[in-house]
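A short worksheet on the structure shown next.
Quick note: the coordinates plus some simple rules give every number you see, no bench work behind them. Just so you know, these numbers come straight off a predicted model, no measurement behind them.
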């Protein structure tokens with residue numbers, strides 16, 4: 001499962017297949033907590049595990065570092081990053097500011113493909129939810145939010161938004177103590193699509209703001225003004 005937004009309605013692998021597969025496997029294990037925070041990741045061991053070269057592993061680890069999922073510290077090696085509540089709070093705030101400002105810009109001159117792309121991604125979220133695959137749902141969820149932001153034409157901010165989205169989903173999954181209603185999670189995006197399709201900038205911005213503020217139980221503490 002490799003995320004890309006080029007084009008937004010498709011998944012295009014920009015890395016060699018072996019590196020992409022290694023990246024996807026490691027990312028899945030980190031997101032699910034199979035590889036816990038602080039776990040050491042050595043290129044030699046991972047190369048043996050995935051039957052690939054250390055160069056392939058190194059490329060995957062660099063991509064994981066870009067997403068904030070690992071820390072590479074020179075002679076100290078590579079470790080799975082910590083997923084703290086303090087970072088989650090700040091990333092929720094940064095994310096809300098970036099996205100809510102972005103959707104206003106995006107809807108000033110939306111592309112003709114925007115609504116169609118969002119509906120395709122929404123359908124994929126529902127499919128993942130029906131299959132019970134929370135990680136696949138989260139991946140399409142990230143594509144959905146980044147697709148809206150794409151039309152804001154602020155490309156330098158997209159990597160920041162992507163890292164916030166990844167951390168938010170990792171934090172949410174790590175806090176789950178009971179099975180989540182994945183279909184309800186996917187359905188939460190429908191009101192955003194409706195507002196965008198109707199061309200109502202104010203409604204779309206508010207729908208997105210409320211969506212972000214109520215993602216996890218932590219939301220009311222971070223955004224107490226959000227109506228539940």
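Details
- Using the alpha-carbon positions of the chain, Rg (one decimal) and Dmax (whole number) come out as 17.8, 55 Å.
- Degrees between helix 201-213 axis and first principal axis of the chain (Cα, 0 to 90, nearest 10): 40 degrees
- Per residue, the convex hull spanned by the Cα atoms of region 17-80 amounts to 73 cubic angstrom.
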